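What follows is a short report on a single structure.
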């Protein structure tokens, strides 16, 4: 009997250890998968930013070449182009300088101070356009500006004479520091990296930044080797040739430009928290096995009581005491979570902000007790409009309410808003100080595909639309697509 009991206990402990080992492995893989998704999203954001910057340069060059080929650079035409250059440079953060060079390399129009005997005929991009009739933009290797000493990325186009012969070069230089400042906003850990490189492996920027590395070749590195086999987008655990650190890399090739961006986090840092947690949990499990002989049942009972209390406290902490809707804290947490989910999945998102019209006058006339009762009834009507399990109705503050609608188009959100407005009207709550004679609701609706902007921009956009609804006479819905 004693032997069987010992054997049963030993078998149970072995089973527990097996389950624990499997859970550790599963948690490890989940951590790697989560970071893989994070680095892939980061690479997408980096590629989008870089593509936008180079499209800006492309558009400037297209306009410049057209102006020069049609009007030339002499006299009033040159002065207009100079003025246009200065305006662009003042309003484009990524643009360092704009230039037009003659067929011999002389500086004709520029936003920068001309150095003595200025001539750029020796630059790689100039020689490229001299030799090639290609009319597309050319992204050159990073160089140091001769006018300011700043490291820049040259983006250039060929200018033709009327007979088709070479007539010079239009150049936009992008500030390398602009990309560095943007990349510094991303948290990739102490050993993580972000890089931007040309198709041929020429390194433009790498974080952590070292100017000595700018212009060096990483063509033989793991990213370019992987890109040859996996294509323009990929994620993998690779060991860097530069520093020998193993990282989880995600890279993307830019559409239409000879550029590659990549982000990576160190494998050791990714799994650091997991390892620390595994050590702590191993001690806990070992202690739990010792206690299983006499305290298992009580421990489970205590855990269940604690979880029940935590759930009760969580519910109280996330609910508005007057209306029973979600409070502002839960609203802000849900907004951040659903926007992040929409960005990852590329799905639509909508937000409604509403306000009880002339509520202060209602309180002044009927008293705060009646005002509280009015808010409870309005909140119930709003909650009825947020019908899907993923929707969230919340009291944003005072007489303001918000509704989060994941995976919803603008038309769908407007229908929900109009249904809420109609539901409040159907309450027929008397309001003698309203021109409508009863309590009404104004609503602002914003919807679209979330971009990389701050979450608070959605609330601000919905609040502006709510203000438009009020300015338009109240008791109405104002809606607009988000520009993200």
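Observations
- Of the residues making up segment 157-193, those that are within 20 Å of residue 95 (Cβ to Cβ) and under 18 Å from the mean Cα position of the chain (by Cα) number 8.
- Residue within segment 13-27 that is assigned by TED's automatic domain parsing to the domain that holds residue 155, under 40 Å from the mean Cα position of the chain (by Cα) and within 30 Å of residue 340 (Cβ to Cβ) present: no
- If you check 141, 114 for being touching a helix residue (DSSP H, G or I) at 6+ places or on another chain (Cβ under 7 Å) and in contact (Cβ under 8 Å) with a residue 12 or more places away in the chain, only one passes: 141.
- Any chance residue 71 is more than 17 Å from residue 204 (Cα to Cα) and touching a helix residue (DSSP H, G or I) at 6+ places or on another chain (Cβ under 9 Å): yes
- All of 461, 419, 393, 402 fail the test of being assigned to a helix (DSSP H, G or I) and within 19 Å of residue 328 (Cβ to Cβ), apart from 461.
- Selection within segment 183-199 - free of Cβ contacts under 8 Å to residues at least 24 places away in the same chain and either within 21 Å of residue 143 (Cα to Cα) or part of a strand (DSSP E or B) (or both): none
- Residue match in segment 224-232 (condition: in contact (Cβ under 8 Å) with a residue 60 or more places away in the chain and under 24 Å from residue 58 (Cα atoms)): no
Quick grid of which residues meet (1) out of contact with any helix residue (DSSP H, G or I) (no Cβ under 8 Å at 6 or more places or on another chain); (2) modelled with pLDDT of 90 or more; (3) within 21 Å of residue 156 (Cβ to Cβ):
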| residue | (1), (2), (3) |
| --- | --- |
| 19 | yes, no, no |
| 23 | yes, no, no |
| 28 | no, no, no |
| 31 | no, no, no |
| 40 | yes, no, no |
| 51 | yes, no, yes |
| 62 | yes, yes, yes |
| 83 | yes, yes, no |
| 86 | yes, yes, yes |
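- Filter pass, residue 371 being modelled with pLDDT under 95 and either at positive phi or assigned to a loop (DSSP other than H, G, I, E, B) (or both): no
- Subset of segment 105-131 that is in a loop (DSSP other than H, G, I, E, B) and either in contact with a strand residue (DSSP E or B) (Cβ under 7 Å, 6 or more places away or on another chain) or surrounded by 15 or more Cβ atoms within 10 Å (Cβ to Cβ) (or both) - its residue that is modelled with the lowest pLDDT: 114
- Members of segment 331-346 that are more than 11 Å from residue 451 (Cα to Cα) and surrounded by fewer than 20 Cβ atoms within 10 Å (Cβ to Cβ): 332, 333, 334, 336, 337, 341, 345
Residue-by-condition table, conditions (1) farther than 19 Å from residue 125 by Cα; (2) surrounded by fewer than 18 Cβ atoms within 10 Å (Cβ to Cβ):
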{"position": "152", "(1), (2)": "no, no"}
{"position": "158", "(1), (2)": "no, no"}
{"position": "161", "(1), (2)": "no, yes"}
{"position": "167", "(1), (2)": "no, no"}
{"position": "174", "(1), (2)": "no, no"}
{"position": "177", "(1), (2)": "yes, yes"}
{"position": "183", "(1), (2)": "yes, no"}
{"position": "186", "(1), (2)": "yes, yes"}
{"position": "193", "(1), (2)": "yes, no"}
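- Residue in segment 432-452 that is over 19 Å from residue 365 (Cβ atoms), assigned to a loop (DSSP other than H, G, I, E, B) and without any contact (Cβ under 8 Å) to a residue 24 or more places away in the chain present: no
- Among the candidates 51, 66, 74, residue that is out of contact with any strand residue (DSSP E or B) (no Cβ under 7 Å at 6 or more places or on another chain) and within 29 Å of residue 197 (Cβ to Cβ): 51
- Residues of segment 458-472 that are over 16 Å from residue 396 (Cβ atoms) and in contact (Cβ under 8 Å) with a residue 12 or more places away in the chain: 468 alone.
- Residue 365 surrounded by 14 or more Cβ atoms within 10 Å (Cβ to Cβ), part of a helix (DSSP H, G or I), in contact with a helix residue (DSSP H, G or I) (Cβ under 8 Å, 6 or more places away or on another chain) and modelled with pLDDT under 95: no
- Hits in segment 78-104 (condition: assigned to a helix (DSSP H, G or I) and touching a residue at least 24 places away in the same chain (Cβ under 8 Å)): 78, 81, 82, 85, 86, 88
- Restricting attention to segment 236-255 and to residues that are part of a loop (DSSP other than H, G, I, E, B) and within 22 Å of the chain's Cα centre (by Cα), the residue that is surrounded by the most Cβ atoms within 10 Å (Cβ to Cβ) turns out to be 254.
The values are calculated or read from the model by the stated rules, or taken from the named source; none is laboratory data. If you're wondering where the values come from, they're calculated on a predicted model, not measured in any experiment. Using ideal geometry, Cβ is built from the backbone for each residue, glycine included, and neighbour counts are taken over all protein chains shown.
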